[in-house]
Amino acid sequence: MDRMMTLARSIALLGLGAVFGGCAAKQAPPVQHYALGMSRAEYRDYTGAKASPCDSEPRWFQDELTAVNGLLARFIKETEQALDPDGLEHAKQLALLEEGLRTLPPVLKVHESNLQALKACDFRRAGAFPDLAQRGATLLSEARERMALGPEIQAAAALREAQKQWREQGAEREAKAKETWCPKPSKVGQPDLYFARESPEGKRTEWFFCDGHVVEKAGEAEATLLSPEGLSKAERRRVQAKKYLGAALAYPPEEVDRQPTAESLQKKPAASDNGSAAEGAP
């Protein structure tokens, strides 16, 4: 009889252990793994799992806070040159910032919740927890400030790249326009305008004609006609400056090939390399 009672008591205790073990398992959030660039961190989302880090093993929770703090510190340090277009690591660090913009916000939210929950834990003043809490709050603020600059930094980088391509492809755009709009052979004295370009600083505009003439206007000065070298006397007699100047000044300003600006990048791009400029050609 005693043996049966002992066996029954053991079974009951095992059952209670299973119940309490199941409750504890439900309260323990799973470890989440996060990678940003070359950095790695493991952490738990206690709030999302409706659990409290105060019920966790303090050493584990300390390791989790340390890991995320370290990742944020590296992110802030390794995106400093994303602000500097002349920095040797600018492209690499800009890419890391862009990655952070996409993937880091949920981690910041969890880290903030965990640091907030730490304030209610009995061990909050023990060991490294005070330093971790203070450092974590600072890193959260710095990381968010860096990410707030992200769109502005991305826009500036996109503008620099667009301006670089504009300069490098200028000769190609002009050649394509000439091939498209100039009659073959071109006739000297016929003001066929095929391309117009503004200087990068916006202080000078040039209009190019199929017979080699160029009208140039700098700032508020009067436009002038520049003739190609090697014209014969007969060809010079056929050139009427007023026609070239008139064609140039009547050319739609919006069709002039200009260096991209932040405003122009926000607009719909042209359908072809110089399609919009070509539409204004005769």
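Pull up segment 37-74, narrow it to residues that are touching a Ser or Thr at 6+ places or on another chain (Cβ under 7 Å) and buried (at least 19 other Cβ atoms within 10 Å of the Cβ), then point me to the one that is nearest to Glu152 (Cα to Cα). Out of the qualifying residues, it is Leu71. Of the residues examined, Ala137 is not one that is open to solvent by 20 Å² or more (accessible area, probe 1.4 Å), touching a Pro at 6+ places or on another chain (Cβ under 8 Å) and without any contact (Cβ under 8 Å) to a residue 40 or more places away in the chain. Residue pairs whose Cβ atoms lie under 7 Å apart, separated by 6 or more positions or on different chains, with the first residue in segment 164-179 and farther than 19 Å from Glu201 by Cβ and open to solvent by less than 80 Å² (accessible area, probe 1.4 Å) and the second at pLDDT 95 or above and outside any helix (DSSP H, G or I), are Ala177/Tyr194; Ala177/Phe195.
Restricting Leu225, Leu231 to those that are in a loop (DSSP other than H, G, I, E, B), surrounded by 16 or more Cβ atoms within 10 Å (Cβ to Cβ) and of a type in the set (A, V, I, L, M) reduces the list to Leu231.
Give me a count of the residues in segment 150-163 that are within 14 Å of Leu96 (Cα to Cα) and surrounded by fewer than 15 Cβ atoms within 10 Å (Cβ to Cβ). Of the residues in segment 150-163, 1 are within 14 Å of Leu96 (Cα to Cα) and surrounded by fewer than 15 Cβ atoms within 10 Å (Cβ to Cβ). For Ala126, the conditions (1) under 14 Å from Phe61 (Cβ atoms); (2) of a type in the set (Gly, Ala, Ser); (3) open to solvent by 60 Å² or more (accessible area, probe 1.4 Å) are fulfilled apart from (3). Residues that are in a strand (DSSP E or B) and farther than 20 Å from Arg173 by Cα occur in segment 210-218; there is at least one.
Among the residues of segment 39-55, is there at least one that is in contact with a His (Cβ under 6 Å, 6 or more places away or on another chain) and not acidic (Asp, Glu)?
First, the residues of segment 39-55 that are in contact with a His (Cβ under 6 Å, 6 or more places away or on another chain): 42.
Pick out the ones that are also not acidic (Asp, Glu) and you get none.
No, there is no match, as no residue in segment 39-55 is in contact with a His (Cβ under 6 Å, 6 or more places away or on another chain) and not acidic (Asp, Glu).
The set of residues in segment 191-211 being surrounded by fewer than 16 Cβ atoms within 10 Å (Cβ to Cβ) and over 19 Å from Pro252 (Cα atoms) consists of Glu201 alone. Annotation for segment 250-264: at least one member residue is part of a loop (DSSP other than H, G, I, E, B), aliphatic (A, V, I, L, M), at pLDDT 95 or above and surrounded by 14 or more Cβ atoms within 10 Å (Cβ to Cβ).
Taken over segment 118-134, the criterion of being without any contact (Cβ under 8 Å) to a residue 12 or more places away in the chain and more than 17 Å from Ala73 (Cβ to Cβ) is satisfied by Arg124, Arg125, Pro130.
The values are calculated or read from the model by the stated rules, or taken from the named source; none is laboratory data. Only a predicted model underlies this, so the values are computations on that prediction, with no experimental measurement involved. Cβ: placed from backbone, ideal geometry, glycine included. Neighbour counts: every protein chain shown. Quick note on the areas: whole protein, heavy atoms, side chains included, nothing else; ligands and nucleic acids left out. Shrake-Rupley method; radii C 1.70, N 1.55, O 1.52, S 1.80 Å.
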